[in-house]
Amino acid sequence: MNKFLLCIVWGLLVPLTSSAQKIHVKTGIEVLKESNFKVLQGKRVGLITNPTGVDNTLKSTIDILHEAPNVELVALYGPEHGVRGDVHAGDKIESFTDPNTGVPVHSLYGATRKPTKEMLEGVDVLVYDIQDIGCRSYTYISTMYLAMQAAAENDIEFVVLDRPNPLGGVKVEGNLVEEGFFSFVSQLRIPYVYGLTCGELAEMIIGEKMIPQPCKLTVVKMKKWRRKMNFEETGLPWVPTSPHIPFAHSAYFYPVSGILGELGYMSIGVGYTLPFEMFAADWINAGEFARALNAKRLPGVTFRPIHLKPYYAVGQGSNFQGVQIYLTDFREARLSDIQFHVMEVAAQLYPDKKVFDHAPENRFDMFDKVSGSNFIRLEFSRNHRFADIQSYWTKDEEAFKRLSKKYYLYR
């Protein structure tokens with residue numbers, strides 16, 4: 001009888017599982033395989049990648065290129081978190097030999113963040129295959145930008161194996177980076193949420209002369225990706241892009257709380273089971289905080305009271321209260337605005353805890369770099385109202401949307 005029931009349950013589950021895993025999009029590595037590695041034939045390849053560089057069956061691009069006929073994989077380059085994803089955020093990485101392939105691995109998050117001439121010796125073409133999350137402060141696009149510079153300086157081709165922007169290709173939020181605030185977390189003059197794939201962004205870097213001299217760029221386009229798709233709609237498997245982006249939906253929340261998170265002022269869920277999906281502190285009353293935020297009626301967003309005890313990071317071992325964020329309509333929600341509304345409501349309800357009167361001053365510099373300007377902090381700190389910075393935060397969005405359309409590779 002138990003076996004009979006098991007068969008029935010299995011029969012019900014299998015169709016659901018296969019339906020849920022149906023892949024609609026072919027990423028750049030899949031298209032490259034289909035072409036029999038045409039753009040790499042007879043060339044010595046340096047590969048910039050990490051665990052997200054996989055095909056639709058989750059086979060590593062490292063192994064695929066290592067085994068590819070008439071393609072010689074001669075070097076690997078690891079961004080923040082490393083080629084194998086075994087390094088924590090901000091930790092420096094040393095160079096070593098990849099045990100699976102015997103190929104030397106050069107760190108792009110250690111002594112240098114830009115490939116040196118020595119690192120590129122014997123390389124004909126640099127290939128970039130990393131899943132990004134569509135937010136300016138996430139450092140992989142900075143790695144791509146610096147690698148494109150190095151490729152141009154050393155007369156090396158640059159190939160991007162394109163992947164989806166998990167936020168889609170429509171959302172654009174935030175101001176452009178200002179002079180004096182360019183850094184590895186804001187390397188490019190683009191909005192905080194920029195609405196392009198890495199391939200499209202690479203085309204823009206060349207087209208808008210963001211590097212001193214252009215490299216010879218080839219983008220291996222995806223098939224069947226559309227701008228309105230979020231990541232779930234692609235059907236692709238998600239590989240954690242870093243320890244605190246374990247799921248595709250984690251990428252949706254990174255711009256929701258990442259700027260505020262730089263201050264260490266309250267928990268944003270890093271150190272708990274909801275990275276970037278919540279705001280909490282030991283001085284917050286969960287119920288009134290949720291009511292005040294929901295009273296704002298922000299499009300596509302609902303806040304739920306939450307009680308928790310963080311396992312590490314901000315608030316480790318303390319009883320915290322706050323809100324969990326629910327994106328009820330992803331397309332309607334203004335993701336990056338949410339944290340500023342939270343900062344405003346916190347100041348209204350708890351005036352002795354206003355963020356810039358309370359957060360450590362040594363964290364202000366990183367907040368400004370991630371914001372792309374110190375205007376956000378200085379103007380907001382006057383009255384702790386989002387209305388005071390809203391026009392500045394949004395001022396560049398429409399112009400960037402118009403500009404970026406020149407570089408669209410997908411409908």
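Assorted remarks:
- Comparison of ILE211, ILE205, ILE190 shows that the only residue that is β-branched (Val, Ile, Thr) and part of a helix (DSSP H, G or I) is ILE205.
- Of all residues in region 54-74, those that are part of a loop (DSSP other than H, G, I, E, B), open to solvent by 30 Å² or more (accessible area, probe 1.4 Å) and under 13 Å from VAL103 (Cβ atoms) total 0.
- In the set (1) charged (D, E, K, R); (2) over 23 Å from PRO246 (Cα atoms); (3) at pLDDT 95 or above, the condition left unmet by ASP357 is number (3).
- Residue under evaluation SER318, criteria (1) more than 22 Å from the chain's Cα centre (by Cα); (2) in contact (Cβ under 8 Å) with a residue 60 or more places away in the chain, criterion not met: (2)
- Selected residue (criterion: nearest to the chain's Cα centre (by Cα)) from residues of region 42-53 that are open to solvent by 10 Å² or more (accessible area, probe 1.4 Å) and in contact (Cβ under 8 Å) with a residue 60 or more places away in the chain: PRO51
- The criterion of at least 2 residues that are open to solvent by 60 Å² or more (accessible area, probe 1.4 Å), in contact with a helix residue (DSSP H, G or I) (Cβ under 8 Å, 6 or more places away or on another chain) and not hydroxyl-bearing (Ser, Thr, Tyr) is met by the following strands (runs of 3 or more DSSP E) wholly inside region 259-362: 301-308.
Quick grid of which residues meet (1) open to solvent by less than 10 Å² (accessible area, probe 1.4 Å); (2) among the hydroxyl-bearing types (Ser, Thr, Tyr); (3) in contact with a helix residue (DSSP H, G or I) (Cβ under 9 Å, 6 or more places away or on another chain):
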| position | (1), (2), (3) |
| --- | --- |
| LYS114 | no, no, yes |
| TYR128 | yes, yes, yes |
| ALA147 | yes, no, no |
| ALA151 | yes, no, no |
| LEU161 | yes, no, yes |
| GLY169 | yes, no, yes |
| GLY174 | yes, no, yes |
| GLU179 | no, no, no |
| PHE184 | no, no, yes |
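- Enumeration of residues in region 229-247 that are assigned to a helix (DSSP H, G or I), surrounded by fewer than 22 Cβ atoms within 10 Å (Cβ to Cβ) and touching a residue at least 60 places away in the same chain (Cβ under 8 Å): GLU233
- All positions within region 104-119 that are in a loop (DSSP other than H, G, I, E, B) and of a type outside the set (Val, Ile, Thr): LEU108, TYR109, GLY110, ALA111, ARG113, LYS114, PRO115, LYS117, GLU118, MET119
- Test: ASP396 is open to solvent by 10 Å² or more (accessible area, probe 1.4 Å) and modelled with pLDDT under 95: no
- Among the residues of region 363-383, those identified as among the aliphatic types (A, V, I, L, M) and open to solvent by 60 Å² or more (accessible area, probe 1.4 Å) are MET366, LEU378.
The values are calculated or read from the model by the stated rules, or taken from the named source; none is laboratory data. Predicted, not measured: the structure shown is a model, and the values here were computed from it. Ideal geometry is used to build each Cβ from the backbone, glycine not excepted, and the neighbour counts take in all protein chains shown. Please note that ligands, DNA and RNA were not included when accessible areas were found on the heavy atoms of the full protein model with its side chains. Shrake-Rupley method; radii C 1.70, N 1.55, O 1.52, S 1.80 Å.
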